[in-house]
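Single-structure report; data block below.
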Amino acid sequence: ANGTKRRIVIDNIHGDIELDATEWEVVNTSTFQRLRSLKQLGMGHLVYPNATHTRFAHSLGVFKIMCRIVERLNNHHAGSSLSADDQSNLRLAALLHDIGHYPYSHLMERVDWVNLTEEIVDGAMQKKKLPAEGAKYPDHETLGRHILENQKDIKDAIGGLERAKVIGELFSRTTATDQQLSKLIHSSLDMDRLDYLLRDSRAAGVPYGEIDLNYILNNIRISPSGVLGVEGKALAAAEHFLLARQFMHRSVYYHKTTYGFEEACRQLLRRMKDSGAFSIHKDGKEVLDRVAGHDLATFNDSYLDMLIQEAAQTSVDETIRQLAICISSRRPPKLIAEVSGLQDRRNPHNSCSSFQEKCKDKLNALANKYDIPLGLFLCGGPKPIKVEERGSLLTPNEARSLLPEEREEIIKVFKSGHDEPVSILDVSDSMISLLSNHTFGIQRLYLVDHGISPAVMTEIQREVRSWVR
């Protein structure tokens, strides 16, 4: 059904990537080609000039890793039970896992969750009600399923609606799909991370994401009951992989300048959506209508760039205009103060939470004192950085109490002499279990630079830094 003709794409991370006729047809749809216009690292290129790589290249990289995994499971594990259909569907699910990303990816996708500075200061974020389910922007996996089922070019290339549904269920890990197969797309040991850590690290020019990909892939194994894990001898490579993710977040993804631009963009998008003054989508139904229509191809980073430019030039709302100018003119928000460090996750009271409380108590008075619109202060920080996103920050007892599908997301390790793998948290000589009760927290306060004199900026910094002494 897939034909015999195969095409080769050359990738700077993985070398030759071979696609069969169906996969090649999928890649050449306009729906998939849209991914060329979505930058993988959002606004990271404003700090790392070469970080302009795209979701298109990343998707091909994830596809290549999946091909290697499928081949290994079939060649080395006769009982892996991967049928020809399973193999093909997994390859396509890897290729298409990011098909539903928004312009600037998570910046736009999560606009409903953004708390404005005013809401943080007056405590409204505790009372804030998210829009009703139909009004919220759907997450990119839900949007991806919608695209596969409604965009004719890609639905036809895949082989019809029923197969499109199967593939969408695989990459969005619905309960309708095989959880062990889906784990290859979404888990702590997933192909997505294995590619983006290497690709983002190379593009940014930093060493922190240089994981031992070959050794990890060569040591993936499937148990008699169908559970995926890594051989015990690859424990160090698996730990390095988990630690690399944390280091990449600290050095690249949450870089102070990148994060400042992205927080300005989040605040801007929320205000634009609330104001109704710009053509940003008002609810989830509008988004779904757009991606099912003929204008999906233009729903890319340029779409958002144009909205930002329009706001910078025409908005009558001073806060919206200054936030837009900050981004369009590449004038990064000024970091006023930062609190960061390792935190014990069992203790909710730490230096970051303390600084956040100080900002809530004192920021309004500070803004009034210097006659600065409160919305030009950007207060907050990324979610605490975990060693393993989906589980390693749990204690072993907590991990065992998770739902079965949640337990499957924690990396498994085959201990010597055992047919079934155990959670990496249960490996006594793993440093991951030692780190499982800690996160790395970051809390920051920025001020959008809108012509404040250096002397006043220094005065504000001095005053704010006195809050954390």
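In a reduced charge model with +1 at each Lys and Arg Cβ and -1 at each Asp and Glu Cβ, the chain shows a dipole moment near 940 debye about its Cα centre. When a/c is below 1.5 the answer is rounded, else prolate if a/b is larger than b/c, else oblate, so apply that to the chain with a ≥ b ≥ c taken from the square roots of the Cα gyration tensor eigenvalues. Oblate is the answer for the chain, as a/c is 1.5 or above yet b/c matches or exceeds a/b.
Taking a ≥ b ≥ c as the square roots of the Cα gyration tensor eigenvalues, region 1-47 comes out oblate, since a/c reaches at least 1.5 and a/b does not exceed b/c. Seen through its C-alpha gyration tensor, with square-root eigenvalues sorted a ≥ b ≥ c, region 229-366 comes out oblate because a/c lies at 1.5 or above while a/b is not bigger than b/c. How much net charge surrounds Gly134 when only the other residues with a Cβ under 13 Å from the Cβ of Gly134 are counted, with Lys and Arg +1 and Asp and Glu -1? Spelling it out: positives minus negatives among the neighbours equals -2. Electrostatic bookkeeping for His294 treats Lys and Arg as +1 and Asp and Glu as -1; over the other residues with beta carbon under 12 Å from its beta carbon, the sum is -1. Between Asp139 and Lys256, the modelled label-to-label distance comes to 3.2 nm, taking each label 7 Å out from Cα in the direction of the beta carbon. Once the Cα-Cα distance is subtracted from the 0.36 nm per residue extended length, the Glu420 to Lys369 segment shows a gain of 12.0 nm. A Förster radius of 30 Å combined with the Cβ-Cβ distance from Asp344 to Asp429 puts the calculated FRET efficiency at roughly 0.85.
Give me the lysines in straight-line cross-link reach of Lys282: C-alpha distance below 23 Å, same-chain residues under 8 apart excluded. Counting by Cα, and skipping residues close in sequence, Lys282 has these lysines nearby: Lys127, Lys128, Lys129, Lys136, Lys273.
Peptides 203-214, 263-274 ordered by packing proxy, namely the average of other Cβ atoms within 10 Å per residue, highest first: 263-274, 203-214. Inter-part distance, region 406-469 to region 280-302, computed on C-alpha centroids, equals 34 Å. Distance check, please: which entries in Lys256/Lys369; Lys386/Lys412; Lys5/Lys64 exceed 21 angstrom between their Cα atoms? Pairs exceeding the cut-off: Lys256/Lys369. Taking a straight line from the alpha carbon of Lys152, these lysines sit under 16 Å away, with near neighbours fewer than eight places off in the same chain left out: Lys165.
Per residue, the average separation of C-alpha pairs within less than 8 Å and at least 6 apart gives the chain a relative contact order of 17 percent.
Per-peptide packing, taken as the mean over residues of other Cβ atoms within 10 Å, places 452-464, 333-345, 234-246 in the sequence 234-246, 333-345, 452-464 from highest down. Over the chain, dividing the summed -39,500 (n - 2.57) contributions of all DSSP H runs of at least 4 residues by the number of residues returns a 222 nm mean residue ellipticity of -14000 deg cm²/dmol. Ordering of 159-166, 22-29, 5-12, 429-436 by packing is 22-29, 429-436, 159-166, 5-12, highest average first (other Cβ atoms within 10 Å, averaged per residue).
A straight chain from Asp305 to Ala21 at 0.36 nm per residue would run longer than the Cα-Cα distance by 98.7 nm. Between Leu335 and Lys360, the C-beta separation translates, for a Förster distance of 30 Å, into a calculated FRET efficiency of about 0.95. FRET efficiency for Asp449 and Ile10, Cβ-Cβ distance as r, R0 = 45 Å, nearest 0.05? Efficiency, from the Cβ-Cβ distance: 0.60.
Each reported figure results from applying straightforward, stated rules to the coordinates on display, with no laboratory input. The structure presented is a predicted model; accordingly, all values stated were derived computationally and were not measured. Quick reminder, even Gly has a Cβ in these numbers, built from the backbone with ideal geometry, and neighbours come from all protein chains shown.
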